[in-house]
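One structure is given here, and the rest of the page talks about it.
The values are calculated or read from the model by the stated rules, or taken from the named source; none is laboratory data. Only a predicted model underlies this, so the values are computations on that prediction, with no experimental measurement involved. Every residue, glycine as well, gets a Cβ built from its backbone with ideal geometry; the counts of neighbours run over all protein chains shown. When the accessible area is computed, the model is the full protein with side chains, heavy atoms only, and any ligands, DNA or RNA have been set aside. Shrake-Rupley method; radii C 1.70, N 1.55, O 1.52, S 1.80 Å.
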Amino acid sequence: MASTDDYLIDGLIDIGVLTHEQVASVRGEADETGEGVLDTLIAKGILTAVDVTRAKAANFGAEMVELTGVKLADDVIAAVPRHVAKKYNVVPVAVEQDRVIIAIADPSDLDTIDGLKHVLGKEVEIRVATKDDIETAINRYYGAKDDSVGKMIQDITEGEVQIGTVGTGVTVDDGQTVDADAPIIKLVNGLIVDAFKLRASDIHLEPMEKTFRVRYRIDGVLHEMKNPPKRLQASIISRLKIQSNMSIAEKRIPQDGRIQTNVGGKTIDLRVSCLPTNHGESIVMRILDKEGLRLGLAELGFFTDDQQTFERLIGLPDGILLVTGPTGSGKTTTLYSCLNYINRPDRKIITVEDPVEYQLAGINQVQVSEIIGFTFGAALRSMLRQAPNVIMLGEIRDLETATIAINASLTGHLVFSTLHTNDAPSAVTRLIDIGVKPFLVASSTRALMAQRLVRKICRKCAVPYSPTEGELRALSIDPHNVGNATFMRGKGCANCNNTGNRGRFGIFEIFVIDDDARKLIYEKVSSSVLRIRAREMGMRSLREDGARKVLAGLTTPEEVIRATVGDAE
């Protein structure tokens, strides 16, 4: 056993983390396997890597740092080149004028410390961090592979790769050909691949006054990535506009386009929006992954009782089923999953959308075009002559669309659509407000469902925890009656990019319209009165459904409270 281990073991015993008996119990096994006493103690769960790191720091008079959850600034990361960080397995944590503060796993490695002083040309001050934390931070800030976006940006920034102007040689009229430099093409493709691998739903490229900001929306939260140099802004935007068949000559008006690409053998679509801003054109790319549309209702977040209710509703022969919620609450994914569930050869399904986000086999999809007068209303009138069984309408926006949809539901069609309202009962008020007669709403509507998305706890780093009394009371959970509950939270790991969450699922509020509710709708009562009736029927609010999923250990109270801030009662 190395002498360093002896010092560390003595230090751990001195601070009360370890006992002589525990050391003696594993010493024989450690000698047999040759792994060392400390490694054996960690493998058996008697010690943790953090305990050992803390002892190392104390032994060498250094300070310990936890890199998990810390956001390091770009200028700090730039102080240590990627190849140096990878070679010496270190991460910079702070920079001063003539000194760099470095996190290292082994403060006794004097050769590495001396080497860093020579390579960086600055004084090096040591902090101690766990090996896993350092490896995760290197992958996060420098990229896991040499062909990562971070590496490409660093090479371009440091001048290792020369960049020309992507606009050179572009055929502006057709937008199809471009004599582009390979590094820019590689960088743009890398941004898309990187976002897909990180499970991002959107890529935001935003021109600021002095920077060109890149952000990915992952599980509903924006994360800033390593920003390309400002001088590459025009080249990157031109490349994306060409890929999505936009005019690169037009920079004064918004444009929309699509990109289809292959990532890891999977075909993904990107819906691209270009918007002129003060400091250049801002581009947002929505990643449309068809895999999410094949989710079963259970994967969407339905518990068994709600799933049975919903399956019964989407199996009805006629009527309207409305899904409500704000933008980004998963309404489209829910509707497509419904269509996928009922898509059979004996049913004709037609959708009317603006735009068609996902292309599904076996379903007739129609895209409206306001420019040529092919509106939602016109599309609906024409599609009814196609004798469909099921109609999916992207959104009910006006009286004409709502009237045709309701008439279709009254003549034997099952109609799915969405509305932007905060809760399920408010959808009735919204339809009446845009001019639909109350008796038509009452007779055609089968059910209303509101939904929100909450982040799912990462299963690989989920640990039990005790929520505060305030969090429990906010969810109407009695703190004294949670004996069988399983409260969990993610502590952060490489699988979830140290966020503690991986993926999202829905929380739902399902209002099934019965005869009493129809009578209230016909009487044109307020949404609050309708909500009282829905609660009497057993409708769970969004927050109550979220509370059930907190008790099951699927998400955290903080997530549910954030998603249902307007739902407190």
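Scanning segment 368-398 for residues that are under 23 Å from residue 346 (Cα atoms), among the hydrophobic types (A, V, I, L, M, F, W, C) and part of a loop (DSSP other than H, G, I, E, B) yields one hit, 387. Selection of segment 45-95 for residues being open to solvent by less than 70 Å² (accessible area, probe 1.4 Å), under 18 Å from residue 115 (Cβ atoms) and part of a helix (DSSP H, G or I) yields 82, 84, 85, 88.
Does residue 428 satisfy the condition of being open to solvent by less than 10 Å² (accessible area, probe 1.4 Å), assigned to a helix (DSSP H, G or I) and in contact (Cβ under 8 Å) with a residue 40 or more places away in the chain? Judged against the criteria, residue 428 is a match. Just one of the listed residues (316, 360, 322) is open to solvent by 40 Å² or more (accessible area, probe 1.4 Å) and either of a type in the set (Phe, Trp, Tyr) or not in a helix (DSSP H, G or I) (or both), namely 316. Could you run through segment 306-340 and say how many residues are among the basic types (Lys, Arg) and either over 21 Å from residue 430 (Cα atoms) or more than 21 Å from the chain's Cα centre (by Cα) (or both)? Within segment 306-340, residues that are among the basic types (Lys, Arg) and either over 21 Å from residue 430 (Cα atoms) or more than 21 Å from the chain's Cα centre (by Cα) (or both) number 1.
Residues of segment 521-546 that are open to solvent by 10 Å² or more (accessible area, probe 1.4 Å) and either assigned to a helix (DSSP H, G or I) or in contact with a Leu (Cβ under 6 Å, 6 or more places away or on another chain) (or both): 522, 527, 528, 529, 531, 532, 533, 535, 536, 543, 544.
In the condition set (1) modelled with pLDDT of 90 or more; (2) in contact with a helix residue (DSSP H, G or I) (Cβ under 9 Å, 6 or more places away or on another chain), residue 381 is compliant with all but (1). Of the strands (runs of 3 or more DSSP E) entirely within segment 219-293, those holding at least 2 residues that are of a type outside the set (Lys, Arg), open to solvent by 30 Å² or more (accessible area, probe 1.4 Å) and at pLDDT 90 or above occupy 266-277.
Every test in (1) small (Gly, Ala, Ser); (2) in a loop (DSSP other than H, G, I, E, B); (3) under 18 Å from residue 534 (Cα atoms) is passed by residue 447 save one, and that test is (2). Scan segment 335-346 for residues that are over 25 Å from residue 287 (Cβ atoms) and open to solvent by 50 Å² or more (accessible area, probe 1.4 Å) and the total you get is 3. Considering segment 505-520, and only residues there that are of a type in the set (D, E, K, R) and assigned to a helix (DSSP H, G or I), the residue that is surrounded by the most Cβ atoms within 10 Å (Cβ to Cβ) turns out to be 518. Residues of segment 446-478 that are more than 28 Å from residue 322 (Cα to Cα) and open to solvent by less than 30 Å² (accessible area, probe 1.4 Å): 457, 458, 461, 462, 467, 472, 477.
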